[in-house]
Amino acid sequence: MHLDVQDLRNFYYRSALGRAAQKSLRGRLLELWPEAKGQTVVGFGFAAPLLRPYLADARRVMVLMPGPQGVMPWPAGMPNTSVLTEETLWPVETGAVDKLVLMHGLETSERPSDLLDECWRVLGPGGKALFIVPSRAGMWARRDRTPFGYGRPYTPGQLETQLRKHQFLPERHIGALYQFPSQQRIWMKSAPLFEKIGRQMPTMMGGGAIMVEATKLVYPPRGRPERTRARRAIGVLEGMAEPQAKPV
C-alpha cells in the first residue's frame, strides 16, 4: 500500500529527521551517479527529494508518482515535471530513460513483478536503475513514524534475486540512513557521526535503506538458430546464353 503524498512531503521537507534522511540518501546517490549531463532521468514513487542536483545538466528530469499515492508539483519555483501515472503503465517511451530511481515505489507496490517489467521497458540500452528499499536488518523498517517503516523490507540478496528474475544485472549495492530514526536532539546531533561510521560497514549491517544499482539485460534469442539450405536455382534457362556441349 502506497503512502499518501502529503505524508511523504511533510516528512522529507517539513521535519528535521526527514531532511536528514534526504541528505543521507542524496549523498549516497551522488556517489554512484555524480552527474547526468544530457541524459534523461526519471524517478518513480517519491524520488523527488533526490533528483534536484540533476536539474541543471540533465536533458530531462521527470518524476512519476503512482495514483494510489497522489502527486504534488515539483520542483518548487520551477516549471512542473511531476506526473500522476498508473503504477505499471508509465507515459514514457520504450527505451527512453538513461537513469531511473525508485524510492517508496517497489516495497509498497501490490504488483512488484509488473512494476519491474515496466522499469525494464522504459530503460534504454546501457541505462542504469537504482532501487532504494527499506533494509530488513535496519532500525528504520521497525518504526512506522518514517516512510521506511511501511511495505516490504528487503535484504540485499532478496532484492538482487528479484531484479535478476526481471532481466536486471545488479552491479553495486550500498547502504544509507545509519543514524537513529528519532527526532530527539541527542540523536539528531550525533547523526553525522553515525553516517560516517556506517559508510565503512557492510551494506547488510545497520543501514536503514538499501540502494542497489542495476543495468538492463537484453538476452539473445533462446535456442539454436535453424539454418536452411537455399534451394538450387531452377535450370530452365541454362545454356541459352552460352551453348553447352553434349556428349554424343
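The values are calculated or read from the model by the stated rules, or taken from the named source; none is laboratory data. Since the structure is predicted, the reported quantities are computational estimates derived from the model, not experimental observations. Here Cβ is always computed from backbone atoms with ideal geometry, including for glycine, and neighbour counts include all displayed protein chains. Protein only, heavy atoms only, side chains kept; ligands, DNA and RNA dropped before computing areas. Shrake-Rupley method; radii C 1.70, N 1.55, O 1.52, S 1.80 Å.
Structure data summary
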| read-out | value |
| --- | --- |
| Number of the condition not met by residue 80 [criteria: (1) touching a helix residue (DSSP H, G or I) at 6+ places or on another chain (Cβ under 6 Å); (2) among the polar types (S, T, N, Q); (3) assigned to a loop (DSSP other than H, G, I, E, B)] | (1) |
| Residues satisfying the stated conditions in segment 108-129, i.e. over 15 Å from residue 39 (Cα atoms) and either crowded, with 23+ Cβ neighbours inside 10 Å or not charged (D, E, K, R) (or both) | 108, 109, 112, 113, 115, 116, 119, 120 |
| Residue that is most open to solvent (accessible area, probe 1.4 Å) [pool: residues in segment 130-164 that are part of a helix (DSSP H, G or I) and free of Cβ contacts under 8 Å to residues at least 40 places away in the same chain] | 142 |
| Of all residues in segment 59-74 being within 17 Å of the chain's Cα centre (by Cα) and open to solvent by 10 Å² or more (accessible area, probe 1.4 Å), the one that is farthest from residue 40 (Cα to Cα) | 62 |
| Odd one out for residue 117, checked against (1) outside any helix (DSSP H, G or I); (2) touching a His at 6+ places or on another chain (Cβ under 7 Å) | (1) |
| Residue count for segment 45-62, restricted to those that are over 13 Å from residue 81 (Cβ atoms) and of a type in the set (Phe, Trp, Tyr) | 1 |
| Matching residues in segment 91-107 - criterion: being out of contact with any Lys or Arg (no Cβ under 7 Å at 6 or more places or on another chain), within 18 Å of residue 69 (Cα to Cα), free of Cβ contacts under 8 Å to residues at least 60 places away in the same chain and open to solvent by less than 10 Å² (accessible area, probe 1.4 Å) | 102 |
